[in-house]
Structures are given as structure tokens and as C-alpha cells.
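The values are calculated or read from the model by the stated rules, or taken from the named source; none is laboratory data. As the structure is a prediction and not an experimental result, all values here were calculated from the model. Cβ sites come from the backbone with ideal geometry, for glycine too, and all protein chains shown count toward neighbours.
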């Protein structure tokens, strides 16, 4: 029986990714594993926000940059206001899609696109 899916995004710089995802998008780092604790990279992190998990990795072979993560949310417009207040560039502002959802997209420094989708 399947229980959960955890998307993985590849990043080039773990510290920059943690800054973006945790300090700007509001996720919290739950764990970080480094091959060498004295070095910032490579690093594999688990982050959460509102019960949603994502994994972020700068280890070679863990995914490819430029991926897409779909996150189902309650209120795209509230997130948009939060992100604008924090100065986060919005790749696609909230838009009503013809298929019935309201969506907003942001991108991290590695070109990974995070889609916030309100049913």
C-alpha cells in the first residue's frame, strides 16, 4: 500500500537551497546529511511545510536540476501575498487555469520550478 510521495529536487548549493526553501518559502529543515560534515556540499536535506515533505540534494546522481514539483495548497493568493512580501520572484503569478485550478509558480536558483496549485 502506498502512503506518501516525497519529491526530490537537485541543487548545486545546499546552503543557497536551504536559504531559499526554508527562510524564503517557509519550509523547515528536518534533517541534513553530508558526506563530510566539515563541507557544505554535497548535502541531502529533508524539509517540510504544513505537513508536506520535500527532499533537496546536491549529491551527484540525485535527480537533475530543472525539475517540477506540484504542491496542492488551500490558498494560492495568500501564498502569493506572503512571497511578494518576502521579495520572492514569482515566475507565474496566480492564474485561473482552464482545467479548473488556480496556480502560481516560483523557481529556485537551479531552475527547479515549484508549482502551487489550488483545486
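Summary of computed values
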{"read-out": "Candidate set: the stretch 78-119, residues that are more than 15 Å from the chain's Cα centre (by Cα) and in a loop (DSSP other than H, G, I, E, B); chosen: the one farthest from residue 52 (Cα to Cα)", "value": "98"}
{"read-out": "Checklist (1) touching a strand residue (DSSP E or B) at 6+ places or on another chain (Cβ under 9 Å); (2) in contact (Cβ under 8 Å) with a residue 40 or more places away in the chain; (3) in a helix (DSSP H, G or I) applied to residue 16, failing item", "value": "(1)"}
{"read-out": "Selected residue (criterion: farthest from the chain's Cα centre (by Cα)) from residues of the stretch 1-13 that are assigned to a loop (DSSP other than H, G, I, E, B) and either surrounded by 12 or more Cβ atoms within 10 Å (Cβ to Cβ) or touching a residue at least 12 places away in the same chain (Cβ under 8 Å) (or both)", "value": "4"}
{"read-out": "Condition broken by residue 72, with the remaining ones in (1) surrounded by 12 or more Cβ atoms within 10 Å (Cβ to Cβ); (2) touching a strand residue (DSSP E or B) at 6+ places or on another chain (Cβ under 9 Å); (3) in contact (Cβ under 8 Å) with a residue 40 or more places away in the chain satisfied", "value": "(1)"}
{"read-out": "Members of the stretch 88-115 that are touching a residue at least 60 places away in the same chain (Cβ under 8 Å) and farther than 23 Å from residue 10 by Cα", "value": "none"}
{"read-out": "Some residue of the stretch 45-58 being modelled with pLDDT under 95, surrounded by 12 or more Cβ atoms within 10 Å (Cβ to Cβ) and assigned to a loop (DSSP other than H, G, I, E, B)", "value": "no"}
{"read-out": "Among the candidates 81, 35, 17, 85, residue that is at pLDDT below 95 and either more than 19 Å from residue 7 (Cβ to Cβ) or surrounded by 14 or more Cβ atoms within 10 Å (Cβ to Cβ) (or both)", "value": "35"}
